[in-house]
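One structure below.
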């Protein structure tokens, strides 16, 4: 079954709206061997995980409820909590019309939570992050937990996984090519366009890119522009936090009667900034 055409928010979700590609990826990351014509029901919720550049695809395969997301920035340690909220919405949607207060158990597909990471930070090939890691004063036995498997699909960093799936290998190479053009100094729009053309020349995602080239360029430009804005905002927040800390340290040193020269050495503030603080205190 094809994905809802209304949920074409990202290149990732569009590329994996083809059930054969989806099964190819799932087989690789979970070490399974499902035939590519195995029935798949794609039931992605719109605009839930995507709000800060996380692209999601959820589907049912062989009685399993799989939530698969792509992440291109630093892995969010709150991902298990967000997955818990996501699966709750999916189960709620799935059980509309069922008597959840009745005595007959409602049979539900068991969930699996997978994150495909292809950001520029060097992460382990695979890691597990769990909801219980965030519990305060948690007992030894938790009545609730949720574990998310994070797989690094960066081109050249986890080739064992990429070699199992031509879908992942091609997609990983495409993202890697965009990143390389960016490192060479090309503007984002040009880097994406050049990557599309280069991959088509090499037969990478060729059919998909020939069908959706302009759509892919527009989607990726929007996604990565948002990503860069988020990263800039985070860096600005860190910078402003450091500046505030410098001024607080300077105030404490002034209160202790230390001279400007010493305070300048410690905080790297200017003499004028320190004098201004003295007048305000």
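Is it the case, given these coordinates, that residue 25 is assigned to a strand (DSSP E or B), under 23 Å from residue 159 (Cβ atoms) and either at pLDDT below 90 or touching a helix residue (DSSP H, G or I) at 6+ places or on another chain (Cβ under 6 Å) (or both)? Criteria not met by residue 25.
A single entry from 215, 210 fulfils the requirement of being surrounded by fewer than 15 Cβ atoms within 10 Å (Cβ to Cβ), within 20 Å of residue 17 (Cα to Cα), over 19 Å from the mean Cα position of the chain (by Cα) and touching a residue at least 12 places away in the same chain (Cβ under 8 Å): 215.
So, in the stretch 110-123, how many residues would count as being out of contact with any helix residue (DSSP H, G or I) (no Cβ under 8 Å at 6 or more places or on another chain) and either surrounded by 12 or more Cβ atoms within 10 Å (Cβ to Cβ) or touching a residue at least 60 places away in the same chain (Cβ under 8 Å) (or both)? Number of matching residues: 3. Out of 142, 154, 118, which single residue is more than 15 Å from residue 68 (Cβ to Cβ), at pLDDT below 90 and under 22 Å from the mean Cα position of the chain (by Cα)? One residue alone meets the criteria, 154. Set side by side, the residues 65, 59 differ, and just one is modelled with pLDDT of 90 or more and farther than 17 Å from residue 119 by Cα, which is 59.
Determine whether the stretch 227-250 contains at least one residue that is part of a helix (DSSP H, G or I), in contact with a helix residue (DSSP H, G or I) (Cβ under 8 Å, 6 or more places away or on another chain), modelled with pLDDT under 90 and buried (at least 19 other Cβ atoms within 10 Å of the Cβ). Yes; the residues of the stretch 227-250 include at least one that is part of a helix (DSSP H, G or I), in contact with a helix residue (DSSP H, G or I) (Cβ under 8 Å, 6 or more places away or on another chain), modelled with pLDDT under 90 and buried (at least 19 other Cβ atoms within 10 Å of the Cβ).
Taking every residue in the stretch 11-22 that is within 14 Å of residue 40 (Cβ to Cβ) and pairing it with any residue that is assigned to a helix (DSSP H, G or I) and at pLDDT 90 or above, at least 6 positions away or on another chain, the pairs with Cβ-Cβ distances below 6 Å are 16/22; 21/167.
The values are calculated or read from the model by the stated rules, or taken from the named source; none is laboratory data. Since the model is a prediction, treat every value here as computed from it, not as a measurement. Don't worry about glycine lacking a Cβ; one is built from the backbone with ideal geometry, like all the others, and counts go over all protein chains shown.
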